[in-house]
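Since every read-out is calculated from the coordinates, none of them should be taken as a lab result. Quantities reported herein were computed from a predicted structural model and do not represent experimental measurements.
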Amino acid sequence: KGLSIGFECQVLTVSDFESLKELLPECSWLATRERVETQRMVKEPIEIEAICEAIKMAQDAFTSLSKSLLSSETEKNVADELERLMRSMGAQCAAFPIIVAAGSNAALPHAIPSQHCIGNENLLLIDWGASSPSGYKSDLTRVLDTHSFSKTKGQTETKDKLRKIYSIVLGAQKAAFNTIKPGVKALEVDHAARQFIADAGFGDYFGHGLGHGIGLQIHEAPWFRPGSETVLEPGMVFTLEPGIYLPGWGGVRIEDNILVTSSGAQYLTGISRELDDNIIA
């Protein structure tokens, strides 16, 4: 009686809050922000293992999928098959609705898979992740070069443009990765990638944050965006996902899962980030 209970007001619905007050009418309820989320930013070793398990399921499914893609498939077919493969490898489910976007559809960062045929386009963007049996998430994005089996085969101009944009995005991710170490602020990591893209002349075409934490939720702290004052600590796990999105042409995003170590950072994802290793024949 007379107990004070804190709750995170940004995630609790009004309905749930009213239900809790009815259950414990004698308590005082104090609104707080990000108390729990802040404590979850640094992962325990067992949590990192669970995230790595989710990464492996996602990667194994993607590797299997990429070996069997057909030019006649639709974005929706590809998304459905990727989720089926992850489940067959032990995942609870996809960590979030899978994004599969071919050609100009990839200019939308959160494109919804459609009946659009992937064989009509020069590139295929796939953003996917698995939820491990314990509920921890992974989140990856790769862009596949589909020139060789698409209607754009032989069009060197479109292929050269893809390579140019891809190299800039990959360079931005590397620049960000190289800034990561304990004591660095999240905004500094974001700035490294954002400046790299701006220096290449595409600053206006990178319109979202560089990354976010992953864990039991697919989007959680720390957040990598301008103004984010979070100081990095060993054990934090998050995404790095720079992108360039050109309306009418398409988009390139490269997303990996990163662990802050005592001396720097480590890639937890192992799928090649090189475009030459992601060509669909």
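Restricting to DSSP H runs of at least four residues, report the calculated mean residue ellipticity at 222 nm for the chain, -39500 (n - 2.57) per run over all residues, nearest 500 deg cm²/dmol.
Mean residue ellipticity, 222 nm, calculated: -10000 deg cm²/dmol.
Among TRP128, TRP249, TRP29, determine the one that fluctuates most according to a GNM of the chain built with springs between C-alpha atoms less than 10 Å apart.
Among TRP128, TRP249, TRP29, the largest mean-square fluctuation in the Gaussian network model of the chain belongs to TRP29.
Once you've got the GNM for the chain with C-alpha springs shorter than 10 Å, pick whichever of ASP16, ASP145, ASP80 has the biggest mean-square fluctuation.
Sorting by GNM fluctuation, first place goes to ASP16.
For the chain, how big is the tail of P(r) above 35 Å, as a whole percent of Cα pairs?
Result: 22 percent of Cα pairs exceed 35 Å.
Just ALA95, ALA192, ALA31 to compare: in a GNM of the chain, with alpha carbon springs under 10 Å, which one fluctuates most?
The residue with the greatest mean-square fluctuation here is ALA31.
Compute the distance from the alpha-carbon center of region 168-228 to that of region 1-26, in whole Å.
36
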